[in-house]
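Peer 1: My structure is below; once you've seen it, I'll send some questions.
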Amino acid sequence: MNLFKNNKGYSLLEIIAGLPLVTLVFVIFAIGIIQFTTTFYEVRLYNKLQQDLFEALEVMRHGFMYEGVTDDEGLIGLATAKKAKISESQNSIRITPLVLNLDLEQDYWVDYILNDNNQLEINGNYGLKHFPERKQIFPSTPTKYIGREPQFQIVNQRQIWSVSRVDANGNPLMVKIKLVGQVRFREKERNQNREDDIRKNTRTITFETSVFLGNSHANKPQEG
């Protein structure tokens, strides 16, 4: 019995007629892959932005461990601070811990600084040991540029730190931290205005907290 007796192949005309449909299917598939890849890339970067902002807040709250400097020392952060002073330019804050020997108090401090790339750095001094160089705490990876702008940056440059409570002598009791972080996915196109650029090419999120200075009571005059 011949199984192939009634089988028919495709004619050249039928194959040619089906090509546009095949091409359309491949185009739709390719667009779907590109869209999925773009969305995954943006979600991954946005998640990194959130994680890095959270970690920067925690460093400011509890302090930063610098090998060879903070060894065998209590970390200096807002949660254990005696004093906090925001610079006049509003782009840095100095934190001073409780030091039993007041003559040595000026030798213990850390600065949190917004640099020229609108990214956060830390500098510090622990007695005779000084940070060899500033350390970047936001973002957690080396600076990358998208066009002329950093891929990750803080966009509320002069509103990061503020004193929310003071004691009777005007010494800070509580510091508010507000970080408005932005991640850029693409460069600004020529035909885009600033508003369209921000809406289509970036995403922004705000992290906000207040921290009580754990040793601020040491600034109050002694009773008796």
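Please treat every number below as a calculation from the coordinates, not as lab data. No experiment lies behind these values; they were computed from the predicted model shown. Backbone-built Cβ (ideal geometry, glycine too); neighbour counts: all protein chains shown.
Peer 1: To the nearest 20 Debye, how big is the dipole of region 85-208 about its Cα centre, given +1 on the beta carbon of each Lys and Arg and -1 on that of each Asp and Glu?
Peer 2: Working: 19 positive and 16 negative charges, 127 e Å.
Roughly 600 debye, rounded to the nearest 20.
Peer 1: Can you give the percent of C-alpha pairs in region 74-203 whose distance is more than 17 Å? Display every interim value, and only then the final one.
Peer 2: Details: 5419 of 8385 pairs.
Looking at region 74-203, the distances longer than 17 Å represent 65 percent of pairs.
Peer 1: Looking at region 47-129, what % of the alpha carbon pairs are farther apart than 22 Å?
Peer 2: Values: 868 of 3403 pairs.
Percent of Cα pairs beyond 22 Å in region 47-129: 26.
Peer 1: Give me Tyr46, Tyr108, Tyr41 sorted ascending by neighbouring Cβ count inside 10 Å, so fewest comes first. Let's see the in-between values first.
Peer 2: Working: Tyr46 17, Tyr108 20, Tyr41 11.
Fewest to most other Cβ atoms nearby, the residues stand as Tyr41, Tyr46, Tyr108.
Peer 1: Using the scaling law 2.2 N^0.38 Å as the reference, what is the normalised Cα Rg of region 126-224?
Peer 2: On the way: Rg = 19.7 Å, N = 99, 2.2 N^0.38 = 12.6 Å.
The reported ratio for this selection is 1.56.
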